[in-house]
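Structure first, commentary second.
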Amino acid sequence: MTASVQTRKRPLLGWNISDGVVVSRFSLVQTLRVPELMFFSLVQPVIFVLLFAYVFGGAIPIAGTGASAEDAANIYRNYLMPGIFGQTVAFAAAASTVGMAEAMSTGLIDRFRSLPMASGAVLIGHTFADAARQILVLLVLSITGFLVGWRITGGVWNAVCAYLLLLLFAYSVTWVGASIGLAMPNVETASTAGLVWLFPLTFLSNAFVPLSSMPSWLQPIAAYNPVSTLVLATRELFGNPTGLQPDYWPLNNPTIYTIGSCALVIAIFATLSIRKYTKTTAK
Amino acid sequence: MTDEAVVAVGLVKEFGSVKALGGIDLTVKRGQVVGLLGPNGAGKTTVVRILSTLLMPTSGYAKVAGFDVVKNPAEVRREIGLTGQYAAVNEYLTGRENLAMFGALYHLPAKYVREKSAELLESFELTDAADRPAKTYSGGMRRRLDLASSLIAQPSILFLDEPTTGLDPRSRLGMWDVINGLVADGTTVLLTTQYLEEADQLADEIVVIDHGRVIAQGTAETLKDQIGGDRIEISVIDPTRVTDAVDAIRTVSSGEPAVEGLTISAPVSGGSTVLVSAIRALDVQGVEVGDILLRRPTLDDVFLSLTGHAAEEDAAPSDEPKKRGKGRK
Ligand SMILES: Nc1ncnc2c1ncn2[C@@H]1O[C@H](COP(=O)(O)OP(=O)(O)O)[C@@H](O)[C@H]1O
Ligand SMILES: [Mg+2]
């Protein structure tokens, strides 16, 4: 005598996307409920901008800009901002790791998995919301950058492309973060494991120092690091100083290399994490 | 529509070297309430997770609503509601938002979800708290929201894993009312509990499991009969008259009376007429009696005699008079 309820028709883009949108919508509602969390995720990159701009400003010379000494600090700030953008979006992965580990530690995962929803939707929704939160972070960072003298000189269209590239990168690392979060036994471990790999990833790059200043054995590693190509592409698109590049394919084709790496990372880690998710129960 | 809502045959589940289930057989008929009773670690959650498609059995098979849980998990999920052992609501979202989210993920139309949510919130006494984050809810309210979330799509089969564990006595009674209401509406329920009293109150049929195996099965009454019938218990006022009282009781009992201080108990048969004969026999001996009662065995006794150890969390006061007659179709 239990009446069965008519369900909606299959949406055009499939249930994975449609259910993913539902999950991310409520994840974003949750962000509005806990503004403190968002606030502190904004504070860190802002502090980085201020520290690097005033503490290191001018101490790190950017080759190839032909700058006079008094302009050096200002040039460095313009060089620096895309680096901080790149580092910040990379760290979106850490939030994703903790978020996923948190979701797995409650009974919510069991409920989600017992629903007739698409198997990728929870991860798609979470990673999408994590990347979407980066829009606000990028906005606040851009304003801070503007206040310390950073300028976009590459045109509006190029700037839009730069921001989109940063968001694509954020989206791809959130999949890595989610995979780590799924594999961790608890939230505490996840919050450490989610961070450790991000330091070498972002510092072994051109985000803060030109590659030419690195020892020659490190240069190829940094050159193939997608963070380097992301930052370089962003510098070019924003019309910021890029410094001189050593001759490596990724550095000669930074946008293509970045998009390609992101696509590869998403393909690999989405497969891995969705497979893991379908076997996970609440701990 | 098959007559059996849940059929499990020889379910085995191993986690590495841990054998959580050692071959469980289980049947739940449509409209029936089956209570899976067992202490912590018995394998209750593992059974529920296999039946709700969250875990794959190592061997054996299960069908829910006629669909194989391994081969057709999507079909099974459309038929079931699950309220797991651990709270499964997003505590940053309000009660209403939680229901909206789960409704959308069941692919239900938004208008239906709005109306059904309002109805569920009302019947679970959550209307006043509907627009507050679930974080602010009491344990009982959260559990009710949890249950409401699994009911949004009106599932015909409901799995409840320890629905009242951790609730205060008042909230527990409230939860029992809610569950009995669902059952009256025709929902099939498989619930797990560590509380013997709870299985007795809610379930038509009880399956007792321990260490991943079914150790007994039947109605509360059959289980009680399995360990023998009723016992008479009397307490005498005058310590010097205990022996006389034992002699009197021996004339009506079906076994040797046991003495503990001023209390004498003995197995009897013949129901409440025994009480009358006992009082008469005691009167003949001139023994003054402080208290006399006929004690039906509780599920605690069942559990103790079946497993050799008591259930960990014993909620039932052992000599509480049993009220029966749950008036269920
Ligand atoms: N994911 C798991 N990995 C290893 N052992 C597990 C896992 N889940 C449950 N177990 C073990 O299986 C047994 C049954 O657990 P469970 O089904 O949770 O029991 P119950 O719900 O009756 O308390 C326990 O010994 C438990 O430790
Ligand atoms: Mg359990």
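The table below gives the values:
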read-out	value
Any chance B:A104 is within 16 Å of ligand 2 (Cβ to nearest atom), of a type outside the set (S, T, Y) and crowded, with 22+ Cβ neighbours inside 10 Å	no
Selected residue [charged (D, E, K, R), open to solvent by 30 Å² or more (accessible area, probe 1.4 Å) and modelled with pLDDT of 90 or more] from B:R213, B:R170, B:R231	B:R213
Conditions (1) at pLDDT below 95; (2) in contact with a Lys or Arg (Cβ under 9 Å, 6 or more places away or on another chain); (3) over 27 Å from B:Q194 (Cβ atoms): number failed by B:E125	(3)
Qualifying residue in region B:53-75 (condition: at positive phi, in contact with a helix residue (DSSP H, G or I) (Cβ under 6 Å, 6 or more places away or on another chain) and either more than 8 Å from ligand 1 (Cβ to nearest atom) or not assigned by TED's automatic domain parsing to the domain that holds B:V9 (or both))	yes
Contacts under 6 angstrom Cβ, first residue in region B:203-214 being within 15 Å of ligand 2 (Cβ to nearest atom), partner part of a loop (DSSP other than H, G, I, E, B), 6 or more apart	B:I209/B:G38; B:I209/B:A42; B:I209/B:G43; B:D210/B:G38; B:D210/B:A42; B:G212/B:G43
One residue from B:A42, B:A87 being at the interface with chain A (Cβ under 8 Å from one of its Cβ atoms) and within 16 Å of ligand 2 (Cβ to nearest atom)	B:A87
B:A153 vs. criteria of a type in the set (A, V, I, L, M) and modelled with pLDDT of 95 or more	no
Qualifying positions in region B:215-231 - more than 21 Å from B:T27 (Cβ to Cβ) and touching a Leu at 6+ places or on another chain (Cβ under 6 Å)	B:D230
Breaking point among (1) within 12 Å of chain A (Cβ to nearest Cβ); (2) under 19 Å from the mean Cα position of the chain (by Cα); (3) farther than 14 Å from B:V178 by Cα; (4) not basic (K, R), for B:A100	(2)
Qualifying positions in region B:11-40 - part of a loop (DSSP other than H, G, I, E, B) and open to solvent by less than 70 Å² (accessible area, probe 1.4 Å)	B:R30, B:G31, B:Q32, B:G38, B:P39
Tally of residues being open to solvent by 10 Å² or more (accessible area, probe 1.4 Å) and either within 15 Å of B:G22 (Cβ to Cβ) or part of a loop (DSSP other than H, G, I, E, B) (or both) across region B:45-67	10
Pick from region B:68-84, criterion outside any helix (DSSP H, G or I) and surrounded by 24 or more Cβ atoms within 10 Å (Cβ to Cβ), ranking: farthest from the other protein chains (Cβ to nearest Cβ)	B:V69
Single residue of A:V5, A:V46, A:V21 found to be facing chain B (nearest Cβ under 10 Å), modelled with pLDDT of 90 or more and surrounded by 13 or more Cβ atoms within 10 Å (Cβ to Cβ)	A:V21
In region B:163-196, the residues that are within 11 Å of chain A (Cβ to nearest Cβ), touching a strand residue (DSSP E or B) at 6+ places or on another chain (Cβ under 8 Å) and not hydrophobic (A, V, I, L, M, F, W, C)	B:T187, B:T188
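Residues are listed down the side, and each one gets a yes or a no for (1) part of a strand (DSSP E or B); (2) within 16 Å of ligand 1 (Cβ to nearest atom); (3) more than 12 Å from B:N98 (Cβ to Cβ):
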| site | (1), (2), (3) |
| --- | --- |
| B:E115 | no, no, yes |
| B:E122 | no, no, yes |
| B:E125 | no, no, yes |
| B:D131 | no, no, no |
| B:K135 | no, no, no |
| B:L147 | no, no, no |
| B:I152 | no, no, no |
| B:T164 | no, yes, yes |
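The values are calculated or read from the model by the stated rules, or taken from the named source; none is laboratory data. Remember, predicted model here, so these are calculated numbers, not experimental data. Backbone-built Cβ (ideal geometry, glycine too); neighbour counts: all protein chains shown. SASA here: full protein model, heavy atoms, side chains in, ligands and nucleic acids out. Shrake-Rupley method; radii C 1.70, N 1.55, O 1.52, S 1.80 Å.
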